[in-house]
1. Taking the options Thr110, Thr73, name whichever one is within 30 Å of Asp367 (Cα to Cα) and in a loop (DSSP other than H, G, I, E, B).
2. Select from the range 235-269 the residues that are assigned to a strand (DSSP E or B) and in contact (Cβ under 8 Å) with a residue 60 or more places away in the chain and write down the one among them that is nearest to Asp367 (Cα to Cα).
3. Restricting attention to the range 334-351, which residues are small (Gly, Ala, Ser) and part of a helix (DSSP H, G or I)?
4. Determine which single condition Ala398 fails, assuming it passes every other condition in (1) in a loop (DSSP other than H, G, I, E, B); (2) among the aliphatic types (A, V, I, L, M); (3) closer than 19 Å to Asp361 by Cα.
5. Which ones in the range 171-191 are at pLDDT below 90 and on the phi > 0 side of the Ramachandran plot?
6. Residues in the range 133-150: is at least one outside the structural domain of Asn196 (by TED's automatic domain parsing), in contact with a strand residue (DSSP E or B) (Cβ under 6 Å, 6 or more places away or on another chain), crowded, with 19+ Cβ neighbours inside 10 Å and in a strand (DSSP E or B)?
7. In contact with a Leu (Cβ under 8 Å, 6 or more places away or on another chain), at pLDDT 95 or above and either at positive phi or not in a helix (DSSP H, G or I) (or both) - does that describe any residue in the range 82-99?
8. Search the range 43-97 for residues being touching an Asp or Glu at 6+ places or on another chain (Cβ under 6 Å) and free of Cβ contacts under 8 Å to residues at least 60 places away in the same chain, and hand back the single one that is surrounded by the fewest Cβ atoms within 10 Å (Cβ to Cβ).
Amino acid sequence: MKLDELIEYLDYKDLINFKNIDITGISYNSKTTKKGDIFVCLVGEHTDGHEFALGAIENGAAALLVEKKVEGTKVPQVVVSSTRHKIADIADRFYSSPSKGLNLIGITGTNGKTTVTHLIQKIFEENGQKCALIGTLGYKLSSNGEYRDAKHTTPQAPELQATLRMIKDVEKIDNVVMEVSSHALDQNRVGGCRFNGAVFTNLTQDHLDYHITMDNYFKAKALLFEHLTEGDFAVINADDEYGDRFISVVPEDVRIYTYGVKQQSDVMAKDINFSLNGAEFTLVVGSHAQMEEQTNEKTPKEYKVNLHMNGMFSVYNVLAAVTTALALGIEIEVALKALQNVKGVAGRFEVVVKKPLVIVDYAHTPDGLENVLKSAREITPQDGKLICLFGCGGDRDATKRPKMGAIAERLADKIVITSDNPRSEDPQAIITDIIAGLKSVNTESVIVEPDRGTAIALLKTIANNNDVVVIAGKGHEDYQILKDKTIHFDDREEARKVFEGSVI
């Protein structure tokens, strides 16, 4: 693609050394820059891409996208106000706007994004349609396919647009369901993406190290809904305290569907029960002007639902997926058939040991931990204890640490406080922050062990066969990020080693 074509619709401030050269790729890492690339000088919290521009040119960069002139080179430079935002525009242009030819659905919220994307993918397939998924675990082209690696919940714009183009042209898949993080929205990593639908799961404290306030966090998430246009749909959790605010930002002529358990909603769950086998409830699809038109039903319809998944959060995730199916015009019976066969998602309330019942979950926020522990309590025998092992990540929002300590103390019978991904922080300092939220540090009910592997091994001496153990924080992750290195570490593997004779 010629440079003038690439920047044709770009709102740039200046052109330096302009020549209408061929651009054969987009890069933002000087080490991986190839001949013919336009190198984007991203400005981040800790690094400034302008400092690596000359190195990128040595590796073959033919042009630069900059916020300020880079001295010492004669290659063309396109000056913009924010390279972080404009990289999405040129990526969309370079890959010829692949999302415009796709049915693209974005899922956003603090918790539940991964599970909801998987459930929607299953529903599409049950309906005889192919659907690709992009999210935390990478991307995959079918529910039975292998994950391919992704570096972020939502990839950086060039990788995302390239992936969408591949899904459309190479794999011939027309439906894509994608987790959309608040960082991706705030940094415009999904800029240029044309979403046909958006789903909101919930909004609770997380990422405040980045967003600073909950209001900023909400505004980032709301961008996904604000950019919907006529004929699109929004699916919103009416029970969430931010539900009404999300509804308020949805443009006119966008179809809105709500779901919930407490608030009157278009799709609801009632008579909810939990057991070791999973959750069961009655699904109520209510009277809604749009639904009447779609289903020709003026009165609510009820369906019995039996899930292999467990916990109230699973009920909400299923409601989100079913409501999305409704918005897509997929029959409720088809959606339920798909969902009732789902065993769950890796690292999300995943049972890895039978006796004691050991559950590994990704919960790493106050709300996430509370939901998981409440769900675990539902299936804890009367003569059994609920034990929670958890830590908090380093270099992240420290204000949630004492809150998570208080939640664990209130909901579990015993807690083991350990390290998570400490990153550059001292694990003991993080643990001290967690302990600050406890009412007492009784050694009978509170155990502190900074080494996560040792902490999980201690469970062998703490937990009896009729107890339920929740290992929270890392879920599907198979690594631990330490101060000076990243090591292989998988909670599921560690638990199975400790309770070897009782592995599922």
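The values are calculated or read from the model by the stated rules, or taken from the named source; none is laboratory data. As the structure is a prediction and not an experimental result, all values here were calculated from the model. Virtual Cβ from ideal backbone geometry, glycine too; neighbours counted across all protein chains shown.
1. Going through Thr110, Thr73 in turn, the sole match is Thr110.
2. Selected residue: Asn237.
3. Selection gives Ala335, Ala338.
4. All conditions pass for Ala398, except number (3).
5. Hit for the range 171-191 is Asn188, nothing else.
6. The answer is no; no qualifying residue exists.
7. Yes, because at least one residue in the range 82-99 is in contact with a Leu (Cβ under 8 Å, 6 or more places away or on another chain), at pLDDT 95 or above and either at positive phi or not in a helix (DSSP H, G or I) (or both).
8. Ranking the candidates gives Thr83 first.
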